[in-house]
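Values in this text are rule-based calculations from the coordinates and carry no lab data. As the structure is a prediction and not an experimental result, all values here were calculated from the model. Using ideal geometry, Cβ is built from the backbone for each residue, glycine included, and neighbour counts are taken over all protein chains shown.
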Amino acid sequence: MARRLKVSTRVTSTALVVAVSLVVLGSVLPGGAATPADVAPLPNAARGPAIPQDKGYLVREIKDGLYWVTDGVYQVMFLTTGQGVIAVDAPPSLAGKYQKAIAEVTKEKVTHVIYSHTHKDHIGSARIFKGAKYIGHRDAAATLARAKDPDRPVPTITFARSYVLKVGRQTLNLDYRGPNHEPGNIFIYAPRQKVLMLVDVIFPGWVPFMQLALAKDVPGFVAAHQQALSYPFETFIGGHMNRLGTRQDVRTQMEYVTDLKANASKALQTVDFMGVARETGFENSWLLFDRYFAAVTKTCADLTVPKWRSRLGGADVWTQSHCLQMVVSLRID
Ligand SMILES: [Zn+2]
């Protein structure tokens, strides 16, 4: 378990791509290795619709020209407007499939690309829509200007607080509520279809990716749950995993995160720092803190996992990692 704790906060989105690619491989390889005996079976909440294996993606109209596309691990949405397609995000894992999915339902060209945030695993094939207008938060634009990545064109339409995109018969409200997963991560709301997209924060049916999905701002990450619920949405798109979400999915993850915070706090109060120091001594401070945080996060996970392993996929896999992120946040934020 201690080894998992060594995952540093410097894990990059590249690691996310690699890790998720491994997940994809594991899920599509026939006769893949059985789940280890010490890992809980996946709850029904973590199961989604089958992805047609011949195509490698699923495209589905949610409502009124708003479509959802997934390969089982990444998710995007696009809208037909009568005057061109609005595409939200462009993950490399969907490159090729994305254009096919759009071509399945419309002859319209992509005229607008919205960035949920800057991470390469979500927008790293944005260049395929060359000629479109690229739209993102100004903090995202600043990050991308620094990155100088030809695969992620810097947005030419940016905003600080809110932006309403109207194209043909479609409307999207883009809002920034402060940093969470990263600075510039936005809420994308389709009022007519009552669909909300917020990426890398809420994972319907699953606990978040490791370390609260590598949240740059943990208090902002926690607050984003209530901020999401302030929209009158009926369908939620989280950018990851295999199914659409509901309001209940957002409430469920909020309950998980609330439990996690309470248990991290309890662990900080109960684990005896001097007791750990008696075993490690004080000479090697890093050893002392490593063992102390290992004990705190294990206590936090032991309090959290039994309640959640049958409710959310991966609760027994990554709760200890989430505990570490929460413990560190409670100490410094
Ligand atoms: Zn991200």
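In a simple Cβ point-charge model (Lys, Arg +1; Asp, Glu -1; nothing else charged), region 206-273 has a dipole of about 80 debye relative to its Cα centre. Compared with the direct C-alpha span, the chain from LYS63 to ASP272 gains 69.8 nm at full extension, assuming 0.36 nm per residue. Size estimate for region 96-154 follows the Kirkwood approach: the inverse of mean 1/r over distinct Cα pairs works out to 12.1 Å. Treating each Cα of region 158-213 as an identical point scatterer and summing with the Debye formula, the log10 of I(q)/I(0) at q = 0.14, 0.15 Å⁻¹ comes to -0.45, -0.51.
Residues MET274, MET197, ranked from the fewest to the most other C-beta atoms within 10 Å, line up as MET274, MET197. Considering only HIS240, GLN269, VAL218, the residue lying farthest towards the positive end of the dipole of the chain is HIS240, judged by Cα position with unit charges set on Cβ. Scattering from the C-alpha atoms of region 44-245 alone, worked out with Debye: what is log10 I(q)/I(0) at q = 0.18, 0.19 1/Å? Relative scattering, expressed as log10 I(q)/I(0), comes to -1.34, -1.53. Under 5 Å from the amide H of TYR74 lie the amide H atoms of MET241, each residue being 5 or more positions distant or on a separate chain, with H modelled from the backbone and absent for Pro and chain starts.
Sorted into 10 angstrom bins from 0, the C-alpha pair distances of region 189-238 split as 26, 52, 21, 1 percent. Give the lysines whose C-alpha is closer than 17 Å to that of LYS266, dropping any in the same chain fewer than 8 places away, or say none. Leaving aside lysines fewer than 8 places away in the same chain, those within reach of LYS266 are LYS298, LYS307. What is the distance in Å between the Cα centroid of region 62-113 and that of region 200-253? That distance is 21 Å. The ranking of LEU172, LEU198, LEU287 from fewest to most other beta carbons within 10 Å of each one's beta carbon is LEU287, LEU172, LEU198. Computed FRET efficiency, Cβ-Cβ of ALA160 and ARG127, R0 25 Å: what is it to the nearest 0.05? Calculated transfer efficiency: 0.45.
Computed from Cα atoms, the angle from the helix 247-270 axis to the main principal axis of the chain rounds to 20 degrees. Over the chain, DSSP H runs of length four or greater, each weighted -39,500 (n - 2.57), average out per residue to a 222 nm ellipticity of -12500 deg cm²/dmol.
Summing Cβ point charges (Lys, Arg +1; Asp, Glu -1) relative to the Cα centre of the chain gives a dipole of roughly 680 debye.
The P(r) of region 247-333 has a tail past 21 Å containing 33 percent of all C-alpha pairs.
Among the listed pairs LYS109/LYS148; LYS55/LYS120; LYS55/LYS261, those with a Cα-Cα distance over 31 Å are LYS55/LYS261.
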